[in-house]
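**Q** One structure follows; several queries about it will come next.
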Amino acid sequence: MTKRYGNLINGEWVDGESFNMNVNPSDTRDIIGEYARASTAEAEAAVTAARAAFSAWSVSTPLMRHDILMRASKEISSRAEELGHLLSREEGKTLPEGIGEVGRAAQVIAFMAGEALRISGERLAGLVPGSDAEVTREPVGIVGVITPWNFPIAIPAWKIGAALAYGNCVVFKPAELVPGSAWELVSILHRAGLPAGVLNLVMGSGRQIGAVFTSHPEIDAVTFTGSVPTGRSIAKACVSGATMKRMQLEMGGKNPLVILDDADLDVAVECAVNGAFYSAGQRCTASSRFVVMDSIHDRFVQAVDRRLRTLRIGHALEKDTDIGPVVDQRQLDIDMQYIQVGKQEGAVVHSGGERLDLSTPGFYLQPTLFTGVQSSMRIAREEIFGPVAAVIRVRDYDEALVVANDTNFGLSSGICTTSLKCATHFKRHSQAGIVKVNQSTSGLDFHLPFGGRKSSSYGPREQGRYAAEFYTIVKTSYTSAG
Ligand code: TXE
């Protein structure tokens with residue numbers, strides 16, 4: 001009998017009417033657990049509980065919030081191996097990647113614990129004689145948190161950690177495919193001492209629970225990471241109800257990595273392979289377009305191909321695995337369809353391109369490198385979200401910059417070059433929220449702002465001290481001595 005896990009509503013664990021099976025993508029015979037699906041009524045009860053808890057929590061001392069978050073952070077880091085194992089088992093990233101993500105969750109919550117102590121404002125002289133003005137920050141209120149499957153603990157940690165640090169209450173809906181890590185995170189925060197109702201967990205259908213978040217008058221703000229179509233529908237719903245909600249939407253990417261002919265080839269190959277194929281390419285910051293200068297093109301492609309042949313694709317929990325499976329059958333079908341589309345468009349599969357049948361039944365795909373890609377092709381324009389990258393050949397830096405920016409997305413971008421002039425120009429003119437020089441487009445620091453431009457993001461940045469822009473609301477008060 002598999003273990004069952006309930007939702008957390010008003011400080012109580014409650015079973016749902018039905019349960020979701022949590023299946024291991026490395027071995028579909030392995031069922032991790034059954035996770036309750038919240039009903040609409042339960043999601044509404046969670047919002048009511050959060051509202052009831054808000055009056056005390058919003059004026060709790062910063063030290064209380066700091067201490068609770070620090071206790072949670074310490075438990076997460078002391079259990080990093082166990083939680084990393086669970087994460088890799090349910091999502092399919094390799095064990096070192098899973099453990100690393102858990103460590104990141106602990107760090108980001110500790111950082112946010114510190115932010116609770118650093119909430120500040122401004123005091124200015126008013127324009128009327130004898131008048132003073134203060135600009136202060138208050139919590140936004142009740143925050144609906146909706147997260148995707150590709151970072152099962154880090155994304156929930158950086159959203160929930162920030163929300164709680166600034167004195168907000170939370171109703172949290174994790175992705176259906178990875179409820180295990182989310183459940184553990186909530187359990188840890190709950191046991192760290194959060195009062196009942198401050199943090200609620202409602203696992204289940206995005207459409208159903210999402211509708212409660214976007215329409216319930218007691219929800220003040222919604223923070224979401226996921227696909228562009230879902231983000232767009234959340235945005236419409238958030239502004240069409242009686243109370244217009246603050247929103248923060250983090251969505252897809254089609255991130256370019258530019259390789260100039262003066263690049264250190266080893267650095268360029270490492271950036272490319274790490275950025276495009278690790279975590280099976282399932283990162284919103286993954287490099288999915290390599291924009292490569294003609295004069296280094298063949299050497300670069302051959303070197304990437306050689307490196308890909310050394311990678312071991314396999315069960316996420318096995319020691320020697322470099323790249324695990326993709327997350328589920330649906331994502332594998334999408335990846336295979338795009339590989340087909342690329343071929344039909346006239347691009348050439350230079351490496352990989354095939355499904356792999358291994359000793360355990362899972363969703364394994366070879367890392368796939370397309371050459372001969374034009375910027376107008378669908379595989380160069382649409383987010384695939386798998387281990388598939390496209391090489392676009394360009395004449396020079398100027399053309400590379402145009403191609404890099406030729407996208408509806410704008411999350412991260414990178415350039416490999418030893419030219420200070422080109423690196424400096426690229427940092428200024430790349431239309432992305434995050435720009436990397438001689439580094440993978442993936443892999444970001446938790447104390448710095450995270451977010452994109454164009455269709456990749458909508459609303460204020462996440463992480464670092466910039467998180468305050470979303471999770472607090474500014475108040476301007478005027479005082480005369482009377
Ligand atoms: O995303 P969704 P999914 C992209 C990637 C991937 C695709 C689908 O291209 O192939 O999205 O992934 C909840 N109202 N990214 O299905 O559907 C849902 O339950 C409110 C890119 O995971 O956007 C989940 O919790 N919520 C991305 C979350 O939204 C709704 C990371 C994300 O689901 C909802 C992940 C609704 N109507 C996927 N419908 C990135 N770039 O970081 C669903 N949800």
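**Q** Condition first: outside any strand (DSSP E or B) and either open to solvent by 10 Å² or more (accessible area, probe 1.4 Å) or within 13 Å of Leu8 (Cα to Cα) (or both). Now tell me which residues in the range 199-209 satisfy that.
**A** Across the range 199-209, the qualifying residues are Val202, Met203, Gly204, Ser205, Gly206, Arg207, Gln208.
**Q** For the range 220-234, indicate whether the set of residues that are open to solvent by less than 10 Å² (accessible area, probe 1.4 Å) and more than 21 Å from the chain's Cα centre (by Cα) is non-empty.
**A** no
**Q** Is at least one residue of the range 87-94 more than 22 Å from Leu444 (Cβ to Cβ) and part of a helix (DSSP H, G or I)?
**A** Yes, there is a match, as at least one residue in the range 87-94 is more than 22 Å from Leu444 (Cβ to Cβ) and part of a helix (DSSP H, G or I).
**Q** What single numbered condition from (1) open to solvent by 40 Å² or more (accessible area, probe 1.4 Å); (2) of a type in the set (Ser, Thr, Tyr); (3) under 22 Å from the mean Cα position of the chain (by Cα) fails to hold for Ser73?
**A** Status for Ser73: all satisfied but (1).
**Q** Given the residues Gly226, Gly252, which is the only one that is at pLDDT below 95, of a type outside the set (A, V, I, L, M, F, W, C) and within 12 Å of the ligand (Cβ to nearest atom)?
**A** Of the residues listed, the single one that is at pLDDT below 95, of a type outside the set (A, V, I, L, M, F, W, C) and within 12 Å of the ligand (Cβ to nearest atom) is Gly252.
**Q** Sticking with this structure for a sec: Going through the range 15-38 one residue at a time, which ones are free of Cβ contacts under 8 Å to residues at least 40 places away in the same chain, of a type outside the set (Val, Ile, Thr) and surrounded by fewer than 19 Cβ atoms within 10 Å (Cβ to Cβ)?
**A** Asp15, Glu17, Ser18, Met21
**Q** Taking the criterion of being near the ligand (Cβ under 10 Å from one of its atoms) and either without any contact (Cβ under 8 Å) to a residue 60 or more places away in the chain or open to solvent by less than 10 Å² (accessible area, probe 1.4 Å) (or both), would at least one residue in the range 180-198 satisfy it?
**A** yes
**Q** I'd like to check something: does the range 199-209 contain any residue that is near the ligand (Cβ under 9 Å from one of its atoms), closer than 19 Å to Ala43 by Cβ and among the charged types (D, E, K, R)?
**A** yes
**Q** Among the residues of the range 430-473 satisfying the criterion of being open to solvent by 80 Å² or more (accessible area, probe 1.4 Å) and touching a strand residue (DSSP E or B) at 6+ places or on another chain (Cβ under 7 Å), which is farthest from Leu260 (Cα to Cα)?
**A** If we take residues in the range 430-473 being open to solvent by 80 Å² or more (accessible area, probe 1.4 Å) and touching a strand residue (DSSP E or B) at 6+ places or on another chain (Cβ under 7 Å), then Tyr458 is farthest from Leu260 (Cα to Cα).
**Q** Go through the range 80-92 and report how many residues are open to solvent by 10 Å² or more (accessible area, probe 1.4 Å) and in contact (Cβ under 8 Å) with a residue 24 or more places away in the chain.
**A** The number of residues fulfilling the criteria is 4.
**Q** Quick check on the range 96-105. Is at least one of its residues over 14 Å from Ser181 (Cα atoms), of a type in the set (Gly, Ala, Ser) and open to solvent by 40 Å² or more (accessible area, probe 1.4 Å)?
**A** No, the range 96-105 contains no residue that is over 14 Å from Ser181 (Cα atoms), of a type in the set (Gly, Ala, Ser) and open to solvent by 40 Å² or more (accessible area, probe 1.4 Å).
**Q** Taking the range 385-419 as the search range and keeping residues that are open to solvent by 30 Å² or more (accessible area, probe 1.4 Å) and in a loop (DSSP other than H, G, I, E, B), which one is nearest to the ligand (Cβ to nearest atom)?
**A** It comes out as Phe385.
The values are calculated or read from the model by the stated rules, or taken from the named source; none is laboratory data. What you see is a predicted model, and the numbers here were worked out from it, not measured in a lab. In this analysis, Cβ positions are derived from the backbone assuming ideal geometry, glycine residues included, and neighbour counts consider all displayed protein chains. Side chains included, ligands, DNA and RNA excluded: accessible areas come from the protein's heavy atoms. Shrake-Rupley method; radii C 1.70, N 1.55, O 1.52, S 1.80 Å.
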